[in-house]
1. When you go through (1) among the small types (Gly, Ala, Ser); (2) modelled with pLDDT under 90; (3) within 27 Å of the chain's Cα centre (by Cα); (4) surrounded by fewer than 14 Cβ atoms within 10 Å (Cβ to Cβ) one by one for SER31, which number turns out not to apply?
2. With the checklist (1) at pLDDT 95 or above; (2) over 18 Å from GLU242 (Cβ atoms); (3) of a type outside the set (Lys, Arg) in hand, flag the one item ILE145 doesn't pass.
3. VAL154 fails exactly one of the following numbered conditions: (1) closer than 19 Å to LEU112 by Cα; (2) modelled with pLDDT of 95 or more; (3) in contact with a Gly (Cβ under 8 Å, 6 or more places away or on another chain). What is the number of that condition?
4. Within segment 80-112, restricting attention to residues that are farther than 13 Å from GLU151 by Cα and polar (S, T, N, Q), which residue is modelled with the highest pLDDT?
5. Report, by residue number, each residue of segment 40-60 that is of a type in the set (Asp, Glu) and within 22 Å of the chain's Cα centre (by Cα).
6. Please tell me if ARG56 is surrounded by 12 or more Cβ atoms within 10 Å (Cβ to Cβ) and part of a helix (DSSP H, G or I).
7. Six or more apart or on different chains, Cβ atoms under 6 Å: show the pairs whose first residue is in segment 30-56 and under 19 Å from LEU5 (Cα atoms) and whose second is β-branched (Val, Ile, Thr) and surrounded by 10 or more Cβ atoms within 10 Å (Cβ to Cβ).
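The values are calculated or read from the model by the stated rules, or taken from the named source; none is laboratory data. Being a predicted model, the structure only gives us computed values, none of them experimental. Reconstructed Cβ throughout: ideal geometry from the backbone, glycine too, with neighbour counts over all protein chains shown.
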Amino acid sequence: MEVELPSPAGLMTFRIDLERITAHGTDGILSVITDISETRHRERVLKTLLRELSHRSKNLLAIIQGIATQTARQALSLESFMVKFRGRIQSLAYSQDLVTDSSWRGAFLFALAEKQFAAYWSEPRMPIVATGINAHLSPNAALHIGLALHELIVNSASHGAIAAGVNSLTLDCFETVFNDKPALELAWIEHLPEADHTRDHDEPSFARTVLERVVPIAVAGKALYITSADRIEYHLTIPAHEYEILTPVED
């Protein structure tokens, strides 16, 4: 049988084994008490992790289902669907890698941006000036902000500053107030080449849906997406429960 006893170090668990023995004509009972506290603690931790993994997996599958549905609605052909859907799933995978590497604690904003840029920019340095607070995002915020960055990057790589070879992108993160509480504002500013790109930006699309609705709703914040002939701005306000301000640990 097992017995649990409280102690200053926490709950301790002991297994008690009793065995009847006979020796030299005398009957007796052999009792063995084994401390199995560490084993039971590891089992409880594992069960908690498995429950958390199941919860996160369901959330991730729901995100993928939403991406598939919305991408299919906007796609003009199967080939178009596959290209866009594959890119969005890859974006999720990049963000998920960072979250997993941190033992499910989240990801730093600038590392997330660098990871999302990797698929579209072969040079070591990102074509963007990242300034301000390198916030540590929650797993939920990391996945959804990763999607927002993906849509902004794809748009820029298709017919924006990246496509034109112009290094005129800035990503700024600074403290603000949202609903009378501390928050962060993420600001993407892109200066466009001298051409009229507003037609593509202003058409209803999954990208606009992600930027203006999906991401701000997912992080319980708000977003503003502004396009003009010479620039694109995206502002996302992130409530305090979706981030921490930490100092990255150097390798």
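1. (3)
2. (2)
3. Among (1) closer than 19 Å to LEU112 by Cα; (2) modelled with pLDDT of 95 or more; (3) in contact with a Gly (Cβ under 8 Å, 6 or more places away or on another chain), the lone unmet condition for VAL154 is (2).
4. SER95
5. To start, the set of residues in segment 40-60 that are of a type in the set (Asp, Glu) comprises 43, 52.
Correct list: GLU52 only.
6. Values: surrounded by 12 or more Cβ atoms within 10 Å (Cβ to Cβ): yes; part of a helix (DSSP H, G or I): yes.
Spelling it out, ARG56 is indeed surrounded by 12 or more Cβ atoms within 10 Å (Cβ to Cβ) and part of a helix (DSSP H, G or I).
7. That search, which allows pairs on different chains as well, returns ILE33/ILE16; ILE36/THR13; SER37/THR13; ARG40/THR13.
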